[in-house]
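The values are calculated or read from the model by the stated rules, or taken from the named source; none is laboratory data. Just so it is clear, the model here is predicted, and its values are computed rather than measured. Glycine also receives a Cβ, built like all others from the backbone with ideal geometry; neighbour counts cover every protein chain displayed. All accessible areas refer to the heavy atoms of the entire protein, side chains included, with ligands and DNA or RNA removed. Shrake-Rupley method; radii C 1.70, N 1.55, O 1.52, S 1.80 Å.
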Amino acid sequence: MGMDAVELVIRFEDAFGIRIPDEVAEQMTTPRKVTDYVLAQVAVSEESSCLSQQAFYFLRGKFVASMKIPRSDFSPSTRLEDLIPPQRRRQVWAGIKSEIGPSALPDLARPIWLFSTLSFLTVLTFISALLHPWNKAMGSNSAFFLGLLGAVVVGYGGAVVTRPLKRRFRRRYESAGDLAKYLCMYSPQSFKGEKKGWTREQVASVVREVIIDQVGAKDFSEDSHFIDDIRLD
C-alpha cells in the first residue's frame, strides 16, 4: 500500500476504534468493502438515527456541564468565538478534550498574523544563513545544512514560545455544528457506546466523510475503486 492508503486505513481505525490487519486492508478496494468490514467488527444496531445529531447532543451535554450554560446557548449555529471567551478558551478546550479524548476536538490555532510571522522568520533565517559571507569558506552543502538547522531552531522555538497564544478556532470548525461533524469523522466511538451500536447508514456516512477529508475527493460512490476512480496513491 502507498502512504496515502496507509494514512486512510489509520483514519478508519481511529474513527471506529478497530484494528485493520494489512492483509485485510489490501482487500478493501472500495468504500463499500470498508463499510462491510467495519460492520463485522463493531456492535450493530437496527435503530436508525442521525449520527451527526447524536454527536451534537453529546457535545452539548459536555459543554453545558463544563461551562454551566443553558442548553439553549448551544445550538448548531452557535459560533464558538461567541460561546467561549478568549480568557477561558484554552482552559475550557483542554478540559473537554481531556474528558472525551484528545482527538475528539480540533486543536486551537494561533492568530493568522502570528503564524505568518513565524513562517516568515523561519524562511528568513534559512535564507540569511545561505547568503552569509562565511558560506564561501564553508561550502554550499555545509551552509545549506546550517541554514536548515537554524530554520528548524527558530521555527520550533517560536512554536513553543507562542503556544499559549493558540486561542483561535480553526476556519473549518467555527460553530457547534462544525464540531459535531469533526467528532463524527475523528472520534465517533467517543459518543457511541456498545449499547447504541452502528447502523450501516452511519458507518457508510463516516467512511465517506473520512475519505473526503483525507483525500479531498467528493465525486465517488460506495463502489468506486480507491486507486482507479478516487485516485488514491
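Some observations on this one:
- Single residue of 189, 202 found to be touching a residue at least 24 places away in the same chain (Cβ under 8 Å) and either of a type in the set (Phe, Trp, Tyr) or over 23 Å from residue 220 (Cα atoms) (or both): 189
- Top-ranked residue in region 23-54 [being under 24 Å from residue 105 (Cβ atoms) and in a loop (DSSP other than H, G, I, E, B); ranked as least open to solvent (accessible area, probe 1.4 Å)]: 42
- Residue check for residue 57: hydroxyl-bearing (Ser, Thr, Tyr), outside any loop (DSSP other than H, G, I, E, B) and open to solvent by 50 Å² or more (accessible area, probe 1.4 Å): yes
- Candidate set: region 171-199, residues that are in contact with a strand residue (DSSP E or B) (Cβ under 9 Å, 6 or more places away or on another chain) and at pLDDT below 90; chosen: the one farthest from residue 12 (Cα to Cα): 171
- Selection within region 176-210: residues that are in a loop (DSSP other than H, G, I, E, B) and among the small types (Gly, Ala, Ser). The member of this set that is most open to solvent (accessible area, probe 1.4 Å) is 193.
- Only one entry of 20, 10 meets the criterion of being at pLDDT 90 or above and outside any helix (DSSP H, G or I), and that entry is 20.
- Subset of region 1-50 (residues that are out of contact with any Lys or Arg (no Cβ under 9 Å at 6 or more places or on another chain), among the polar types (S, T, N, Q) and either closer than 15 Å to residue 207 by Cβ or free of Cβ contacts under 8 Å to residues at least 12 places away in the same chain (or both)): 29, 30
- Region 212-233 residues that are free of Cβ contacts under 8 Å to residues at least 40 places away in the same chain, paired with ones that are of a type in the set (Phe, Trp, Tyr) (beta carbon under 8 Å, 6 or more apart): 229/220; 230/220
- Within region 70-94, restricting attention to residues that are surrounded by fewer than 16 Cβ atoms within 10 Å (Cβ to Cβ) and among the hydroxyl-bearing types (Ser, Thr, Tyr), the residue that is farthest from residue 107 (Cα to Cα) is 72.
- Whether a residue is closer than 22 Å to residue 154 by Cβ and among the charged types (D, E, K, R) was assessed, and residue 110 passes this test.
- From the options 219, 223, 213, residue that is open to solvent by 10 Å² or more (accessible area, probe 1.4 Å), in contact with a helix residue (DSSP H, G or I) (Cβ under 7 Å, 6 or more places away or on another chain) and outside any helix (DSSP H, G or I): 223
- Failed item in (1) under 16 Å from residue 176 (Cβ atoms); (2) polar (S, T, N, Q); (3) at pLDDT below 90, with residue 75 passing the rest: (3)
- Scanning region 10-22 for residues that are open to solvent by 20 Å² or more (accessible area, probe 1.4 Å) and closer than 16 Å to residue 187 by Cα returns 10, 11, 13, 14, 17, 18, 19.
- Lone qualifier among 64, 24 - being more than 19 Å from residue 183 (Cα to Cα) and either in contact with a strand residue (DSSP E or B) (Cβ under 9 Å, 6 or more places away or on another chain) or not charged (D, E, K, R) (or both): 24
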